[in-house]
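Participant: Can you keep this structure in mind? I'll have questions shortly.
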Amino acid sequence: MRVLLNAGPWLAVPPSGYGGIENVVATLVAELRERGVRVVLATVGTSTLRAEETIFRHEEPQFPQLQLPYNRVMGCVLAHMQQVVRELSRRDDIDLVHDHVEAVGPAILSAMGTGAPPTLHTLHWDLAKHPAFYEEFDGGGRLFVNGVSAAQLARAPAALRAHSVGHVHLATPLAYRRGAAAEKGRYAVVLGRITAGKGQHIAARLAHRVGMDVVLAGPVGPYDQPAALDPALAGDADAVRNPDVRYWRDQVQPLVDGDRVRWLGSVGAAERDDLLARAAVSLFPLQWEEPGGTAVVESLALGTPVAGYRRGCLPELIDDGLTGVLVEPGDEDGLAAAMHAARRLDPRACRLVAVARFSPAVMADRYLELYERVRRAGEAVVRPKVNTACRTCRLR
């Protein structure tokens, strides 16, 4: 099977720091290739992941453009998708497309009709975001979707659910990690983009309230490090228009004292692993219905239990009392108690659950099942022959 896997133009694969979707793609591609799948990766030019072929429109990651005003950024993802369409239109050896580009990916690929191979689009996001698109979704018998949790799909509009072939939990290669468990510190960690839905302001507030250090790791809008954000806040009007930057400035930054609460910015893979493995607890004071929970899976794989609100995908991922402690959303007293209770859980149980449920092999095998379902469903629609003489892609 030859699969065009569309990672999008936002970050390199694998990413150098933040990048949950790109980490999942990197994990999946490696496992698929081990199973004999030939992968054509649509990404950015700085990606280093090994694949049979790599195609791109943008040399550099476009993540800094992502939260600019629409009229300044609208062409970015469209240029990437135009490159994908061009590739699909000139060749007939792609058996399936596996797309990871929010909204624009399925819109363009489904509009290709029989000009595209059967397509599986993975929904990584809050499915209430694009009601005009999702509520009347039509894949034309060629494009199907999967969720990253059952809870995510349960909240999907009926038209989108009708195109679903199931859900696949996210995975991490950290589940294969071996060796002695890390010595635990006395801090909680919140790993992820600094944004209101992740609830970092609650984590910071709890740190001061219960006397447990909290470390925040992740970007604020397009700013990876404090050294970049601080000058922007001082003099860049565009910076303050970014909703994540405003959230940081108004609700989180006043609680970050560099002692009880610290912000590290984005962290590389090795630093992230060490930070998570040594944390007493991983904290998820979610203010939204988390769809997939990459940071949850990474935390368990590194032997760190979870304390969080019982919402989104967390009840699916956490065995309450074994790998974490969950409380009702908004119950800050309960979450404070959960932080202390979770740190007493056995890190070995967290790692064992991660290996059994969230390993790359489990994810890849599940996706291969869905690939076959999508291919069979699309067999009734015959794709026209194309001229395959021209090859402009870059080989890896």
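Participant: For segment 106-120, take each phi angle, set θ = phi - 60°, evaluate the Karplus expression 6.51 cos²θ - 1.76 cosθ + 1.60, and give the result in whole Hz per residue in order, putting x for glycine and proline.
Facilitator: Values per residue, Gly and Pro as x: x, 5, 6, 5, 5, 5, 5, x, 6, x, 10, x, x, 10, 10 Hz.
Participant: How large is the accessible surface of Asp320 in square angstrom, using a 1.4 angstrom probe and rounding to the nearest 10?
Facilitator: Roll a 1.4 Å probe over it and Asp320 shows about 90 Å².
Participant: What is the magnitude of the charge dipole of the chain about its Cα centre, with +1 placed on the Cβ of each Lys and Arg, -1 on the Cβ of each Asp and Glu, and no other charges, expressed in debye to the nearest 20? Each step should come with its number before you reach the end.
Facilitator: On the way: 45 positive and 45 negative charges, 157 e Å.
Result for the chain is approximately 760 debye, rounded to the nearest 20.
Participant: Also: If R₀ is 51 angstrom, what is the calculated FRET efficiency for the pair Ala361 and Asp333, using the beta carbon separation as r and rounding to 0.05? If you can, show how the numbers build up before the last one.
Facilitator: Values: r = 40 Å, r/R0 = 0.79.
That gives a FRET efficiency of 0.80.
Participant: How large is the accessible surface of Asp224 in square angstrom, using a 1.4 angstrom probe and rounding to the nearest 10?
Facilitator: 80
Participant: Would you tally the net charge around Ala338, using a Cβ to Cβ cut-off of less than 12 Å, leaving Ala338 out, and scoring K and R as +1, D and E as -1?
Facilitator: Numbers: positive: Arg310, Arg343, Arg344; negative: Asp320, Glu328, Asp331, Glu332, Asp333.
Taking every Cβ under 12 Å from that of Ala338, the sum is -2.
Participant: Give the peptides 199-207, 131-139 in descending order of average Cβ contacts within 10 Å, highest first.
Facilitator: On the way: 199-207: 24.1, 131-139: 14.4.
Ranking the peptides 199-207, 131-139 by packing returns 199-207, 131-139.
Participant: Now, a different point. Between Ser89 and Ala227, what FRET efficiency comes out of the Förster formula 1/(1 + (r/R0)^6) with R0 = 51 Å and r the beta carbon distance, rounded to 0.05? It would help to have the intermediate numbers written out before the result.
Facilitator: Working: r = 44 Å, r/R0 = 0.87.
Calculated transfer efficiency: 0.70.
Participant: Mind jotting down the distance between the C-alpha centroids of segment 172-243 and segment 246-267, whole Å?
Facilitator: Computed from Cα coordinates, the inter-centre distance equals 7 Å.
Participant: Next question. Give the ranking of Thr46, Thr54 by solvent-accessible surface, highest area first, calculated with a 1.4 Å probe. Working shown, then result.
Facilitator: Numbers: Thr46 50, Thr54 0 Å².
The ordering from most to least exposed comes out as Thr46, Thr54.
Participant: Moving on. Can you compute the modelled spin-label distance between Asp259 and Glu34, with each label point 7 Å from Cα toward Cβ, in nm?
Facilitator: For the pair Asp259/Glu34, the computed spacing is 4.7 nm.
Participant: Stretched out fully, how many nm does the piece from Arg72 to Lys129 gain, at 0.36 nm a residue minus the Cα gap?
Facilitator: Residue separation times 0.36 nm, minus the Cα-Cα distance, leaves 18.5 nm.
Participant: Once you place label points 7 Å from the Cα toward the Cβ at Trp288 and Ala103, how far apart are they in nm?
Facilitator: 1.2
Participant: Shifting gears a bit: In degrees from 0 to 90, rounded to the nearest 10, what is the angle of the helix 269-278 Cα long axis to the longest principal axis of the chain?
Facilitator: Here the helix axis deviates by roughly 40 degrees.
Participant: Can you give me the % of accessible surface on the chain that is carbon or sulfur? Probe 1.4 Å, all protein chains present, nothing else counted. Walk me through the intermediate numbers first.
Facilitator: Working: 8260 of 16070 Å².
The C+S portion of the solvent-accessible surface of the chain is 51 percent.
Participant: Follow-up. Stick to the Cα atoms of the chain, pair each with every other, and give me the Kirkwood hydrodynamic radius in Å at one decimal.
Facilitator: Values: mean 1/r = 0.0460 Å⁻¹.
When all Cα pairs of the chain are included, the Kirkwood radius is 21.8 Å.
Participant: Fully extended, how many nm does the chain gain between Arg373 and Arg161 (0.36 nm per residue separation, minus their Cα-Cα distance)? Provide the component values of the computation, followed by the final result.
Facilitator: Values: separation 212, 0.36 × 212 = 76.32 nm, distance 1.57 nm.
Between Arg373 and Arg161, full extension yields an extra 74.8 nm.
Participant: Suppose each label sits 7 Å from its Cα in the direction of the beta carbon; what would the Asp138-Glu59 distance come out to in nanometres?
Facilitator: 4.2
Participant: 222 nm [θ] for the chain, helices only, -39500 (n - 2.57) per DSSP H run of 4+, per residue, to 500?
Facilitator: Working: 16 runs with 149 residues, N = 396.
Helix-only estimate at 222 nm: -11000 deg cm²/dmol.
Participant: Add +1 for every Lys or Arg and -1 for every Asp or Glu among the other residues with Cβ under 13 Å from the Cβ of Leu255, and state the total. Intermediate results must be reported in sequence, preceding the final value.
Facilitator: Details: positive: Arg205, Arg209, Arg249, Arg260, Arg262; negative: Asp213, Asp250, Asp257, Asp259.
Here the charged neighbours net out to +1.
Participant: Between Phe284 and residues 5 or more places away or on another chain, which pairs have amide H atoms under 5 Å apart, with H built 1.01 Å from N, and which residues are they?
Facilitator: Ala307, Gly308, Tyr309
Participant: Another one. All other residues with a Cβ under 10 Å from the Cβ of Pro219 taken together, and with Lys, Arg as +1 and Asp, Glu as -1, what is their net charge?
Facilitator: The answer is -1.
Participant: Ordered by residue, what ³J(HN,Hα) values in Hz, to whole numbers, does segment 61-68 give under the Karplus form 6.51 cos²θ - 1.76 cosθ + 1.60, where θ = phi - 60° and Gly and Pro are x?
Facilitator: Along segment 61-68, the couplings run x, 9, 4, x, 7, 4, 10, 6 Hz.
Participant: Separate question: Enumerate the amide H contacts of Val145 below 5 Å, restricted to partners 5 or more residues apart or on another chain; note that Pro and chain-start residues carry no placed amide H.
Facilitator: Placed amide hydrogens put His121, Ser164, Val165 under 5 Å from Val145.
Participant: Once R0 is set to 35 Å, what does the formula 1/(1 + (r/R0)^6) return for the Cβ-Cβ distance between Leu322 and Asp274, expressed as a FRET efficiency to the nearest 0.05? Before the final figure, lay out the partial values.
Facilitator: On the way: r = 24 Å, r/R0 = 0.69.
It comes out at approximately 0.90.
The values are calculated or read from the model by the stated rules, or taken from the named source; none is laboratory data. Just so it is clear, the structure is predicted and the values come from calculations on it, not from any experiment. Positions of Cβ are backbone-derived with ideal geometry, glycine not excepted, and every protein chain shown enters the neighbour counts. Surface areas here come from the heavy atoms of the whole protein model, side chains and all, with no ligands, DNA or RNA. Shrake-Rupley method; radii C 1.70, N 1.55, O 1.52, S 1.80 Å.
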